[in-house]
Structures are given as structure tokens and as C-alpha cells.
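The values are calculated or read from the model by the stated rules, or taken from the named source; none is laboratory data. This is a predicted model, so every value here is computed, not measured. Note that we place each Cβ from the backbone using ideal geometry, even for glycine, and neighbour counts take in every protein chain shown. To get the accessible areas, we keep the full protein, side chains included, count just its heavy atoms, and leave off ligands, DNA and RNA. Shrake-Rupley method; radii C 1.70, N 1.55, O 1.52, S 1.80 Å.
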Amino acid sequence: MREWIELQKKLYPDVLDVIRLRYRLLHHVQLMEPVGRRTLADNMEIAERTVRSEVNFLQSQGMVQVTTKGLLLTKEGRHVLEDMADYMKELAGVQVLETRLKEKLQLDEVIVVPGDSDSHDWVKREMGKACVTYMQSVSKRGQTIAVTGGTTMAAVASQMTPYSGMEDSLFVPARGGLGERVEHQANTICVEMARKVMGNYRLLYVPDPISEQSYQTIIQEPSVKEVLGIIRSSDLIVHGIGDAITMAERRKTPDDQLEKIKHHHAVGEAFGYYFDQNGEVVHKVRTVGLQLEDLQTDRQVIAVAGGRSKAEAIASYFRPGKSNVLITDEGAAQEFIRDASL
């Protein structure tokens with residue numbers, strides 16, 4: 001494919017710029033539909049007259065539909081996006097990033113989506129879509145899927161679609177809630193995923209974090225004990241990776257513990273564990289749900305995290321080698337490859 005791209009550049013030097021622009025435009029319409037031309041121009045950061053001209057072309061090709069509510073992607077437009085996905089990844093050098101990350105982290109699979117979620121919210125939705133596609137590709141009837149909370153996991157849930165073979169799946173929260181925005185809690189995300197694939201779910205009504213005394217009492221409750229058993233035997237685990245300080249502040253961590261996290265230069269967090277640059281656990285908060293030792297199996301464990309600012313956090317988590325699949329974005333991948341220390 002690389003040779004074909006180079007030939008195109010020789011025959012028509014501007015063709016790749018045109019292809020990129022029209023693909024981006026179709027992509028943004030898909031993410032934002034129905035969307036007006038002005039809004040589209042603002043989000044793509046290009047002139048409105050350029051958007052109008054390109055929309056006219058795409059409309060003439062039957063790829064977009066102009067309605068009173070805004071632009072909509074047609075069936076033909078969706079087919080073009082799907083068929084060109086691999087080509088555009090090659091064009092952007094994303095496949096090279098995937099290969100290099102896969103080798104560097106020694107993972108079974110790495111999927112990189114174009115863009116940087118630090119700069120554009122739609123990139124996080126693209127990671128969510130990529131995660132859903134991967135989940136569907138490895139799904140089996142009657143499997144149990146454990147999911148954590150957070151904004152990235154909420155993006156994954158937002159992209160879930162009905163899929164044959166997942167109707168019998170059981171979705172469970174991998175841990176208790178953070179006690180913050182309900183739409184970002186594992187229980188809520190678990191329910192949304194299950195409903196969208198017409199599957200089943202079980203919930204875990206416990207706070208996160210929790211004191212040691214409360215933990216020992218709660219895990220003896222029959223209902224909690226039963227759900228914990230299901231969670232720990234789940235077939236597929238999907239989770240995010242957080243920035244250490246950001247997660248500590250979200251949890252309203254006591255000052256002495258926050259100082260400990262900072263003192264030991266923690267950079268990443270997952271499942272309540274805080275990691276330094278070497279992947280060493282420097283702090284652990286008591287949570288009800290999956291623990292790192294529960295990941296020591298042959299099952300699929302998918303980490304979803306992106307953004308240039310998250311590269312260090314991602315690297316710190318993967319040094320112990322707990323998950324076998326990473327879904328990230330171009331911003332994090334490029335930073336990871338660029339910085340030799342990661």
C-alpha cells in the first residue's frame with residue numbers, strides 16, 4: 001500500500017491532501033450528525049467556504065445528505081469511511097505506531113486511532129468505537145465482561161451497538177464507584193453497555209475507596225460476595241488508565257496519602273494502584289472489586305487510554321505487564337515512541 005500511495009503522490013501531488021480533507025469531513029459528520037456547516041468548520045478548524053465546497057462535492061457523490069437539521073451521513077458515506085479506514089491509517093503512519101508499540105510493550109494487540117484526545121473530544125469517542133469493534137471481534141456467547149468507570153469508559157459505552165453473539169453476555173462493574181458524576185461510574189457504564197447489546201448486568205453498590213474496617217465487613221455481605229465472585233471470574237476486562245495526581249484528587253485523597261503519592265513520583269493509576277515511572281506500586285487504595293493479582297490469567301484484558309499527557313501513565317501501568325491489549329490514540333503513541341525514557 002505504501003508504494004501505491006507514493007505513486008499517487010507522483011501523479012497528483014495534491015491528491016493526498018484532498019483525500020485527507022474529504023475523509024476528515026465525512027468522519028466529523030459521522031461523529032456530530034446532524035451538524036451544520038458552520039459548526040463543522042469550527043470543529044475542523046477550516047474555512048466555512050471550504051466546507052461548503054466540499055459538502056457540495058460529497059453531496060453530489062451521494063455520501064452526505066443536507067437536511068433542515070444539518071448534514072447527515074448516507075449509507076454510501078458510511079461504506080466509504082469503513083472501506084478507507086485501513087488506507088487512512090497507513091497514510092497517517094498509524095499502523096507503524098501500532099507495530100512499534102506492540103513490540104515495545106510486548107502486547108497481543110495494539111490499536112491506535114488518529115488524533116489526540118487531549119485536543120479533541122471526538123478522538124476519545126473514536127477510541128471507544130475501536131474498543132467496541134475489538135470487543136465484538138473476540139466476543140463469545142455467555143461471556144462475562146467487567147468494566148471500570150471513568151470518562152474513557154463512558155466513551156466506550158456510548159459507542160456500543162447491538163451485536164449478534166453478545167445478547168447472552170453478562171456485564172459487571174470491575175469495582176465500586178468514585179462517588180462523583182453518576183454517568184462516569186462503573187455501575188452506570190455497565191448498565192448502558194448491557195442495554196445496548198441487549199445483555200444482562202449485575203451491579204456492585206459499594207463506595208470507592210473504602211476504609212479497611214468497612215472493606216472487611218462489606219465483602220462478607222452475601223450479595224456483595226456473590227457479585228465479587230462473578231467479577232473475579234470474568235472472561236473479558238475493559239479498563240482505563242488514569243493520571244496519578246488527577247485520580248488522587250478526584251478521590252479526595254487525604255493530604256498525607258496525597259503527599260506520599262507525590263513524594264514517590266507516581267504517574268499512573270489503575271484499579272486503585274498508583275505506579276511510578278518504573279511501574280512500581282507506590283500506593284494502593286482499598287477498593288472492592290478487581291485487584292491487580294486478579295489479572296494474572298489468560299483472559300482478555302483491554303486497556304483504553306489516550307492523549308499525549310497520558311503517555312507516561314500508560315507506560316507506568318504496562319511495565320508490570322498486566323493487560324494484553326492497548327487501545328490508544330496517536331497523541332499518546334507518538335509521545336510514547338518519541339520519549340526514549342518511556
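Here are the numbers for this structure:
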{"quantity": "Residue pairs, from the table 104/322; 129/196; 284/322; 140/196; 102/124; 252/284, whose Cα atoms sit over 18 Å apart", "calculated": "102/124"}
{"quantity": "Residue-wise HN-Hα coupling along the stretch 208-218, computed from phi with Karplus coefficients 6.51, -1.76, 1.60 (Hz; x: Gly, Pro)", "calculated": "8, x, 8, 6, 4, 5, 5, 4, 5, 6, 5"}
{"quantity": "Protection-proxy order for peptides 211-221, 84-94, each taking the mean of Cβ atoms within 10 Å per residue, highest first", "calculated": "84-94, 211-221"}
{"quantity": "Dipole moment magnitude, nearest 20 debye, the chain about Cα centre, only Lys, Arg, Asp, Glu C-beta charged", "calculated": "600 debye"}
{"quantity": "Length released on extending from residue 83 to residue 215, taking residue separation times 0.36 nm less the Cα-Cα span", "calculated": "42.5 nm"}
{"quantity": "Point-to-point label distance, residue 47-residue 136, nm (Cα→Cβ direction, 7 Å offset)", "calculated": "3.9 nm"}
{"quantity": "Dipole of the stretch 82-169, positive end: most advanced residue of 154, 112, 85 [Cβ charges, Cα centre]", "calculated": "154"}
{"quantity": "Helix-only CD estimate at 222 nm, as mean residue ellipticity for the chain, using -39500 (n - 2.57) per DSSP H run (n ≥ 4)", "calculated": "-15000 deg cm²/dmol"}
{"quantity": "Amide H within-cut-off set for residue 71, under 5 Å, with H built and near neighbours excluded", "calculated": "35, 36"}
{"quantity": "Prolate/oblate/rounded label for the stretch 1-153 (Cα gyration tensor, a/c 1.5)", "calculated": "oblate"}
{"quantity": "Share, in percent, of DSSP beta bridges within the chain that are antiparallel, nearest 5", "calculated": "40 percent"}
{"quantity": "Amide H partners (placed H, <5 Å) of residue 329, local residues excluded", "calculated": "113, 307"}
{"quantity": "Förster-model FRET efficiency, 51 Å R0, residue 233 and residue 60, C-beta, rounded to 0.05", "calculated": "0.40"}
{"quantity": "Relative contact order (%) - criterion: Cα under 8 Å, at least six apart; region: the stretch 286-342", "calculated": "40 percent"}
{"quantity": "Amide proton proximity set for residue 171, modelled H, under 5 Å, gap of 5+", "calculated": "145, 200, 201, 202"}
{"quantity": "Summed side-chain charge close to residue 98 - residues other than residue 98 whose Cβ falls under 13 Å, Lys, Arg +1, Asp, Glu -1", "calculated": "-3"}
{"quantity": "Computed lengthening from residue 223 to residue 168, 0.36 nm per intervening residue step minus Cα-Cα distance", "calculated": "17.6 nm"}
{"quantity": "Backbone N within the stretch 251-275 under 16 Å of label point (7 Å from residue 291 Cα along the Cβ vector)", "calculated": "270-274"}
{"quantity": "Per residue value of the accessible surface for the chain (all protein chains in place, 1.4 Å probe), Å²", "calculated": "48 Å²"}
{"quantity": "Separation of the residue 200 and residue 69 label points, Cα + 7 Å toward Cβ, nm", "calculated": "3.6 nm"}
{"quantity": "For residue 29, net neighbour charge (Lys/Arg +1, Asp/Glu -1) across residues whose Cβ lies under 11 Å away", "calculated": "+2"}
{"quantity": "Charge-dipole axis of the chain as Lys and Arg at +1 and Asp and Glu at -1 on Cβ define it, positive-most pick from 43, 317, 332", "calculated": "43"}
{"quantity": "Simple spin-label estimate for residue 109 and residue 90 in nanometres, 7 Å along Cα-Cβ", "calculated": "2.1 nm"}
